[in-house]
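Chemist: Below you will find the structure I want to go over with you.
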Amino acid sequence: MGNSGFFRELWGFLMTRKRWWLFPIIIMLFLLGLLIIFTESSVVAPFIYTLF
């Protein structure tokens, strides 16, 4: 089934249960994860770590 099954099931849950307030939380977690992944091995990393 893989990741696409997970996202399809999550989308179905959000649409069925009308959990609209979860969208901003999921988006922010996704963006924070991308920030951590992309700055892990870059020159910008020391500056990002001082923010947290």
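Chemist: Give me the one-decimal nm value for the distance between modelled label points at GLU40 and TRP11, 7 Å along each residue's Cα-to-Cβ direction.
Modeler: 2.7 nm
Chemist: For the chain, what does the helix formula give at 222 nm: sum of -39500 (n - 2.57) over DSSP H segments with n ≥ 4, over the residue count, nearest 500 deg cm²/dmol?
Modeler: Numbers: 3 runs with 40 residues, N = 52.
Theoretical 222 nm ellipticity from helices: -24500 deg cm²/dmol.
Chemist: Over 14 Å apart: what share of the alpha carbon pairs of the chain falls there, rounded to a whole percent?
Modeler: 66 percent
Here, each number is a calculation from the coordinates, and none is a lab measurement. Since we're looking at a predicted model, the values are computed, not measured. Heads up, the Cβs are rebuilt from the backbone with ideal geometry, glycines too, and the neighbour counts pull from every protein chain shown.
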